[in-house]
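Chemist: Have a look at this one.
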Amino acid sequence: MKELLKELLLIESSTKEGANQAVEFCKQWLIEHELQPDLIENNGYKMLVCEIGDGDTTIVFNGHVDVVSGKKDQFIPVEKDGRLYARGAADMKAGVAAMMVAMKELRDRKLGVKIQLQIVSDEEIGGYNCSGYLVKNGYRGDFVICSEPTQLGIALQAKGVLRLEVEISGKSAHGSRPWEGENAIVKAYKVYEKLLDLPFTKENSEFYPFPSVNLAIISGGEVFNKVPDRCVMSLDIRYLPGQNPDVIVQQIKNISGGEVRVGLHGIPVATEKDNRFITQLRPVVEKHIGGEAVLFGQHGAADTQYFSAHGIPAIEFGPSGGNWHGDEEFVELKSIETYKDILIDYVENLS
């Protein structure tokens, strides 16, 4: 499994072409281990689906092989002190490698459930072309495990995503006489400060003390000697399960005095802790980690959102690591083995 992971990490998959190459690599590896993956393509993005087992219940193993960009040397895996360092080691090629090996080991066993492995290539840019496409075309299952890095904890929830632009208008004037104009950048920042005090920002839930608001981009002004008459704020809002995105947008419109444009909207994930697939998973996790299973909510979004949108219970659950999207991304090698064993044990218990 470690060698499989190292080969996956050597593929620079931060581009569409590289991610497609990684999917092709996974397909070939599965074929070499007597599995029968189907390659699917949508809008130029490749993905594969591979199924084993039998029965009325289908468990989906979902993982992505695309990664965020990195420095050239980050695509050369380095093993040190029980860790493997590389871009994508934690997020999330380790989880994919573990799922692939689990499929190989379960291949010839008599299973009372179906296991459907999905390997996709566009999660880091939203997942619409792959997991979104698969769900829309009937590849859904009864329970979904996305092998995002979770320190072997079970992420039952994930925040929803609202990416929007707020455009503020002002009045231009000579830069030496700013009192004769109305500075749109200053107005925009005052709106941002009010936004941070809106009712939706004060709400909390079991797993989250508050939603998050990131002022990601601010665009305004043309030259030094002119008061800017237009400013656009780009905001990345991660809202809580149970919050209404339409209410959030309306609250922002009420204070902005300008145009509010919604771009990306991803729904939150909220899988119940008493769901039967969770109550069956928890004791298996606890057996292998030698302690209580941690249940929590993710701040970021993942491909679980597409399954959740169709009422399918989905979780993020994967190996231990750190610094994903950062310079020293790593995965704990021991945790990959533990993770793979949990997946196998869980499937056999369901059978």
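Chemist: When the accessible area of region 1-105 is split by element with a 1.4 Å probe, what percent falls to carbon and sulfur?
Modeler: 43 percent
Chemist: If I build a Gaussian network model for the chain, linking alpha-carbon pairs within less than 10 angstrom, which residue out of TYR239, TYR133, TYR189 has the largest mean-square fluctuation?
Modeler: Result: TYR189 has the largest fluctuation of those listed.
Chemist: Quote the accessible area belonging to SER219 in square angstrom, nearest 10, computed with a 1.4 Å probe and with ligands, DNA and RNA left uncounted.
Modeler: About 50 Å², rounded to the nearest 10.
Chemist: Could you list log10 I(q)/I(0) for the chain at q = 0.15 Å⁻¹, which the Debye formula gives when each Cα is one point scatterer?
Modeler: Per q value, in the given order, log10 I(q)/I(0) is -1.22.
Chemist: Label point 7 Å out from ASN204 along Cα-to-Cβ: which residues of region 216-260 have amide N under 18 Å?
Modeler: What the label zone holds, given the 18 Å backbone N cut-off, is 238-243.
Chemist: Taking a temperature of 10 °C and a viscosity of 1.306 mPa s, what whole-number D in µm²/s does Stokes-Einstein yield for region 202-351 with Rh from Kirkwood over alpha carbon pairs?
Modeler: The estimated diffusion coefficient comes to 83 µm²/s.
Chemist: Another question, then. For region 158-284, what class follows from the C-alpha gyration tensor (a ≥ b ≥ c being the square roots of its eigenvalues): rounded when a/c is under 1.5, otherwise prolate if a/b is larger than b/c, else oblate?
Modeler: Cα axes put region 158-284 in the prolate bin.
Chemist: Looking at this model, which pairs from LYS6/LYS287; LYS110/LYS287; LYS27/LYS104; LYS27/LYS71; LYS2/LYS287; LYS6/LYS93 are more than 21 angstrom apart at the alpha-carbon?
Modeler: Checking Cα-Cα distances, LYS6/LYS287; LYS110/LYS287; LYS27/LYS71; LYS2/LYS287 exceed 21 Å.
Chemist: Tell me, Kirkwood radius of region 1-91 from alpha-carbon pair distances, in Å?
Modeler: Roughly 14.4 Å, rounded to one decimal.
Chemist: How high is the relative contact order of the chain, given as a whole-number percent (alpha carbon pairs under 8 Å, six or more residues apart)?
Modeler: 24 percent.
Chemist: A follow-up question, please. If ligands, DNA and RNA are left out, what is the accessible area of MET1 with a 1.4 Å probe, given in Å² to the nearest 10?
Modeler: Its heavy atoms expose roughly 60 Å² to the probe.
Chemist: Could you work out which residue, out of PRO245, PRO178, PRO268, moves most in a Gaussian network model of the chain, that is, has the largest mean-square fluctuation with Cα springs under 10 Å?
Modeler: Residue with maximal mean-square fluctuation among PRO245, PRO178, PRO268: PRO178.
Chemist: If you build a Gaussian network model of the chain, linking Cα atoms that sit under 10 Å apart, which residue out of LYS171, LYS46, LYS93 swings the most?
Modeler: Looking only at LYS171, LYS46, LYS93, the largest GNM fluctuation is found for LYS171.
Chemist: What accessible area per residue, rounded to a whole number of Å², is obtained for the chain using a probe radius of 1.4 Å?
Modeler: Here the residues of the chain average 45 Å² of exposed surface.
Chemist: In addition: If you take the alpha carbon radius of gyration of region 310-351 and divide it by 2.2 N^0.38 Å, what ratio comes out, to two decimals?
Modeler: Rounded to two decimals, the normalised Rg is 1.51.
Chemist: Now for a separate question. Starting from the alpha-carbon convex hull of region 94-133, give the projected area averaged over all orientations, in nm².
Modeler: 3.5 nm²
Chemist: Treat region 268-339 as a sphere of radius equal to its Kirkwood radius over Cα pairs and apply Stokes-Einstein at 20 °C in a medium of 1.002 mPa s; give the translational diffusion coefficient in µm²/s, rounded to a whole number.
Modeler: 154 µm²/s
Chemist: With viscosity set to 1.567 mPa s at 4 °C, what whole-number translational diffusion coefficient in µm²/s follows for region 228-276 from Stokes-Einstein and a Kirkwood radius over Cα pairs?
Modeler: 97 µm²/s
Chemist: Still on this structure, please answer the following. Quick check: from the Cα gyration tensor, does region 38-123 come out rounded (a/c under 1.5), prolate or oblate?
Modeler: Note, shape of region 38-123 comes out oblate.
Chemist: Across 5 Å bins from the origin, how do the percents of Cα pairs in region 105-181 run, short distances first?
Modeler: Bin by bin from 0 Å, the calculated values are 3, 8, 12, 14, 15, 10, 6, 4, 4, 5, 6, 5, 2, 1, 2, 1, 0.
The values are calculated or read from the model by the stated rules, or taken from the named source; none is laboratory data. Please read these numbers as outputs of a predicted model, since none were measured by experiment. For neighbour counting, all protein chains shown are included, and Cβ atoms are generated from backbone atoms with ideal geometry for every residue, glycine included. Just the protein is used for accessible areas: all its heavy atoms, side chains included, with ligands, DNA and RNA removed. Shrake-Rupley method; radii C 1.70, N 1.55, O 1.52, S 1.80 Å.
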